[in-house]
Amino acid sequence: MGDKIVGVRKNQLGEISMVKLNNGKIVTLDEVRQMASDGFIDSLSEIDEHGNWTIDQSYGDATPQSGNNLDLLPGF
């Protein structure tokens with residue numbers, strides 16, 4: 001089981017720049033994108049530069065699901 005993203009920090013332009021993981025670690029968006037690609041973020045397989053995410057095979061039928069709700073996570 002991988003880490004979960006529990007919070008976000010936005011820059012002065014309102015873009016996600018850092019994320020907080022459930023283990024307390026704070027990483028840059030670039031770092032968490034690589035972690036997701038490597039399978040270290042629970043359920044997420046991809047995060048783009050805007051914080052949009054993809055879950056591979058989220059429906060059990062090989063249909064990826066996408067979303068952009070990292071913006072809804074609390075700030076830190």
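The values are calculated or read from the model by the stated rules, or taken from the named source; none is laboratory data. On a predicted model such as this, the values are computed, not experimentally measured, just so you know. Don't worry about glycine lacking a Cβ; one is built from the backbone with ideal geometry, like all the others, and counts go over all protein chains shown.
Each row is one residue, and each column tells you yes or no for (1) within 11 Å of LEU70 (Cβ to Cβ); (2) assigned to a loop (DSSP other than H, G, I, E, B); (3) acidic (Asp, Glu); (4) more than 11 Å from the chain's Cα centre (by Cα).
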{"position": "VAL19", "(1), (2), (3), (4)": "yes, no, no, no"}
{"position": "ASP30", "(1), (2), (3), (4)": "no, no, yes, no"}
{"position": "MET35", "(1), (2), (3), (4)": "no, no, no, no"}
{"position": "LEU44", "(1), (2), (3), (4)": "yes, yes, no, no"}
*Kindly indicate the residue of region 1-15 that is of a type in the set (A, V, I, L, M, F, W, C) and within 10 Å of the chain's Cα centre (by Cα) and also farthest from LEU44 (Cα to Cα) among those meeting that condition.*
VAL8
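Look through LEU44, LEU73, LEU29, LEU13 and report the one residue that is surrounded by 12 or more Cβ atoms within 10 Å (Cβ to Cβ) and at pLDDT 85 or above.
Only one candidate passes the filter, namely LEU29.
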*Quick one: what pairs do we get from region 28-44, first residue among the basic types (Lys, Arg), second not in a helix (DSSP H, G or I), C-beta under 7 Å, 6+ apart or different chains?*
ARG33/ILE47
*asked:* Tell me yes or no: at least one residue of region 52-59 is touching an Asp or Glu at 6+ places or on another chain (Cβ under 9 Å), at pLDDT 70 or above and surrounded by 12 or more Cβ atoms within 10 Å (Cβ to Cβ).
replied: yes
*Give me the pairs, please: first residue somewhere in region 1-15 and over 14 Å from ASP71 (Cα atoms), second residue anywhere and among the polar types (S, T, N, Q), beta-carbon distance under 8 Å, and either six or more positions apart or on two chains.*
GLY2/SER43; ASP3/ASN22; ASP3/ASN23; LYS4/ASN22
